[in-house]
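Presented below is the structure to which this report refers.
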């Protein structure tokens, strides 16, 4: 038990270092960045002090986790406020840090998958989107249309990949699973008959995606209700004028290292890490957004 607790605390320490690295690359004013770095530094010292103890109790681990959750809560609040009031300059998209350690979703999604998926695959979409935006800006400035079709396709593919993956990470949590509560559950029951019915159809949809793609729970502004939609790649066979609330990546890189070709097992296990608090927060933000209903 002591070894397991030390290993867990070490994983938190490694994750804190990774988040610090991401924060240094983020467009945050220096004064605010210094505050966040100091917060993480104090937390890291707390973790290191706990690791050095002869005997680590469950309460010690709980104290460390609680302090980390406090910092992350305020960081997410800052990021959300900044997102609402600011803008990302052309070609300046950043890879968002994972909101949990790489091994936090085990045994359902392995550490190896999370590290490769986030650090390599998602980063490639960020890089591709930035490149496409910069090239399109060049075309606007020189008045030429050379390769415009190519760069618009690149923007669609990589941009959709970046945006969907960002939803995907926050849609999951080591404390996930179960089912939603409150207004979201009421809306699901209203639009799908029951949560059980929704879960089955979403699962069936995810398993049915041809090749690579996504399964999404979306809010339709034009109909004022929830719907399930699949997407091939990141942008094909998609449904427009909707807001994704829940996203499940069924590209092979999301599961193959652990599940091989058993996508169905991956989809079934994924429900154990769904972060319904995040999905509910997204729903609450958009549920009153409706166009004329047709």
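Values in this text are rule-based calculations from the coordinates and carry no lab data. Because the structure is a prediction, the values reported are computed rather than measured. In this analysis, Cβ positions are derived from the backbone assuming ideal geometry, glycine residues included, and neighbour counts consider all displayed protein chains.
Things to note:
- Relative contact order of the chain, pairs being alpha-carbon contacts under 8 Å that are 6 or more residues apart, as %: 17 percent
- The chain: most fluctuating residue of 178, 128, 68 per GNM, C-alpha cutoff 10 Å: 178
- Packing, taken as the mean count of other beta carbons within 10 Å per residue, orders the peptides 60-66, 130-136 from highest to lowest as 130-136, 60-66.
- Calculated [θ] (222 nm, deg cm²/dmol) that DSSP helices of n ≥ 4 give over the chain, each run adding -39,500 (n - 2.57): -19000 deg cm²/dmol
- Separation of segment 38-106 and segment 179-197, taken as the distance between their Cα centroids, equals 31 angstrom.
- Legend: Rg and Dmax of the chain, from Cα coordinates, 20.6, 68 Å.
- Working from Cα pairs under 8 Å separated by at least six residues, relative contact order for segment 152-226 is 19 percent.
- Packing order of peptides 219-225, 247-253, highest average first: 247-253, 219-225 (average count of other Cβ atoms within 10 Å over each peptide's residues).
- If you take the alpha carbon atoms of segment 111-170 and fit the smallest convex hull around them, that volume is 65 Å³ per residue.
- Gyration tensor verdict on segment 182-286 (Cα atoms; rounded if a/c is under 1.5, prolate if a/b is larger than b/c, oblate otherwise): prolate
- When peptides 186-195, 10-19 are sorted by average Cβ neighbour count within 10 Å, with the highest value leading, the order is 10-19, 186-195.
- Rounded to whole Å, the principal axis extents of the Cα atoms in segment 241-292 read 44, 23, 14, largest first.
- Classification of segment 42-131 by its C-alpha gyration tensor yields an oblate form. The axis ratio a/c (a ≥ b ≥ c) is 1.5 or more, and b/c is at least a/b.
- Length-normalised contact order for segment 111-170 - Cα pairs under 8 Å, 6+ apart - percent: 43 percent
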